[in-house]
Amino acid sequence: MNPTSGRRRARLPLLLLAVLAAPTSALGQIAPTKPTAPAPVLRPQTVAPLSGSLDRVLLVNDNNPELIREPGILLSTFPGSGRGVPSAHLDVALSGRFDLFSHHVYAGKPESLDSTLWLAVLAAPRGPEPVMLKLLSGSTALSQAVEPGQASAPFLPLPALMAQGSTPVWAGPGSRVATELLARQRSPQLPASWTLPPGAPSTLVVLPLPVRGLDPLLNGLNLQMRLESSGPVSLATLAAFGSGNQPPAASTWAALLEGGLSPREHAPTPRGSKGGMVYSRVSGVQVGSVWRTRLTDPGQRWLSVRRAPISWPISSLERGTLGTGQVQTAELQAFYPGTAWAAHGNYGVEYDLSIPLRNDTAKPVALQLALESPIKGDSAAGGLRFHSIGGITSGSRPVMFRGTVEVTGLDGEPSASGAPVRPAGRRSFHLVQRAGEPGPALGTVSLAPGASRQLQVRLIYPADATPPQVLSLLPVPEPAVKQSKTTSASHP
């Protein structure tokens with residue numbers, strides 16, 4: 001997660017995992033002098049605010065510290081009154097539907113090559129009665145597995161676009177977890193439900209963050225859970241060392257909950273400040289888990305094909321509204337001092353967008369749908385800026401998006417009989433997108449005059465992406481016209 005250069009510096013340990021996936025011959029060499037980069041290219045078009053808004057579901061956002069250096073409380077919504085360190089608790093009741101997003105990195109101990117850091121999620125009722133807690137969906141993955149059976153997703157180099165099929169595609173734990181949640185799956189490591197007795201907190205899950213056998217000693221863990229409780233509960237995430245490869249005892253977690261916070265990192269620029277901005281990482285409870293809307297023309301129940309080319313921001317944020325003035329960032333109901341004051345990037349948030357498209361012209365129209373990573377900016381420019389359009393972008397630019405997009409309603413395969421193209425069902429595509437990169441198209445929508453088509457687009461904004469992106473509807477490019485050969489007498 002790195003919306004600015006300040007955050008990219010903070011993410012350096014996790015990015016090293018991606019470096020390990022590079023060809024061996026590319027490591028350790030002195031880079032040749034690069035030519036002056038070409039000026040950005042402007043694509044004239046409409047950039048419109050995304051209609052709708054986030055829902056009111058609470059999401060426990062546990063990402064500061066990202067790099068865990070010491071054991072302690074990572075985040076707690078328990079009441080602070082009566083506990084050893086009251087300031088270590090945010091005192092937020094969670095009831096009914098709520099979510100958890102947790103993303104951390106462990107770099108090992110210098111004196112040990114086989115250490116394991118353990119992460120636990122604890123919960124307890126806030127009243128005198130037991131509470132049923134149900135996992136609606138959830139997933140977890142390491143950057144790298146060190147034992148058979150551990151779910152992992154290394155930062156492997158992948159093509160820009162791959163269709164999801166029977167063999168899942170992902171790159172990095174954030175990509176895998178978001179992909180599995182989008183597919184409505186539940187990791188086998190996560191129980192389907194818990195009964196929480198009143199009194200002492202119950203341990204929901206304990207997950208390892210091992211570095212044994214890794215070079216460098218570095219691993220990451222992403223965990224996301226969509227939960228529903230029968231009554232108000234408190235929840236906490238904690239980090240501790242066990243004995244060898246064994247997790248800490250239950251008494252260790254109980255003792256940690258009476259202690260202090262694991263040290264925070266990367267203090268944010270104060271809200272409203274001028275000049276450069278450090279977003280920092282989030283450690284708090286945000287308001288909003290899903291952004292669901294219909295994209296239509298003003299005053300209409302449909303979107304005219306005449307609006308293309310048009311794009312809508314996805315995960316727009318402070319200093320990155322792409323000229324729309326729209327900050328989609330979830331506000332925080334409670335957060336720790338020295339951490340982000342808003343959920344910059346909306347990591348773990350689901351975007352569920354429907355586009356009732358209508359061809360209200362007298363001619364057939366074909367449009368392409370794409371998720372894109374334009375150059376970040378805040379001012380209106382009459383369109384979107386890219387490092388290149390229609391060409392090859394530089395593989396040296398940072399990856400801005402690794403994740404899956406689900407689309408329903410694109411053109412299906414043409415029939416042999418020549419009948420009109422029928423819309424396809426639900427399809428999913430994994431994207432790896434670099435800075436300032438347009439496209440590639442996810443598919444085409446072909447509409448005869450007067451025809452309509454319902455498009456549905458879903459994605460869960462993944463960890464290790466860098467906002468903002470845009471969802472674009474673009475005219476299908478005209479086919480290139482081949483020049484006919486001429487005789488030599490035609491030219492001097």
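The values are calculated or read from the model by the stated rules, or taken from the named source; none is laboratory data. Note that the coordinates shown come from a computational prediction; the quantities given were computed from them, not determined experimentally. Please note: Cβ atoms are built from the backbone with ideal geometry, for glycine as well, and neighbour counts cover all protein chains shown.
For this structure, a couple of remarks:
- When residues of the range 299-326 are limited to those that are in a loop (DSSP other than H, G, I, E, B) and hydrophobic (A, V, I, L, M, F, W, C), the one surrounded by the most Cβ atoms within 10 Å (Cβ to Cβ): 322
- From the options 50, 75, residue that is surrounded by 15 or more Cβ atoms within 10 Å (Cβ to Cβ) and farther than 17 Å from residue 264 by Cα: 50
- Any hit, the range 213-220, residues being of a type in the set (Asp, Glu) and either assigned to a strand (DSSP E or B) or touching a strand residue (DSSP E or B) at 6+ places or on another chain (Cβ under 7 Å) (or both): no
- Being farther than 30 Å from residue 438 by Cβ, of a type in the set (Lys, Arg) and not assigned by TED's automatic domain parsing to the domain that holds residue 432 holds for only one residue in 176, 212, and it is 212.
- Any hit, the range 258-279, residues being acidic (Asp, Glu), surrounded by fewer than 16 Cβ atoms within 10 Å (Cβ to Cβ) and either in the same structural domain as residue 462 (by TED's automatic domain parsing) or in contact (Cβ under 8 Å) with a residue 24 or more places away in the chain (or both): yes
- Subset of the range 361-379 (residues that are within 21 Å of residue 437 (Cβ to Cβ), of a type in the set (Gly, Ala, Ser) and in a strand (DSSP E or B)): 370, 373
- Listed by position, the strands (runs of 3 or more DSSP E) inside the range 397-470 whose residues that are without any contact (Cβ under 8 Å) to a residue 40 or more places away in the chain and surrounded by fewer than 22 Cβ atoms within 10 Å (Cβ to Cβ) number at least 1 are 426-434.
- For the range 243-274, a residue qualifies if it is more than 15 Å from residue 205 (Cα to Cα), part of a loop (DSSP other than H, G, I, E, B) and of a type in the set (Gly, Ala, Ser), and the qualifying residues are 244, 259, 260, 262, 267, 272, 273.
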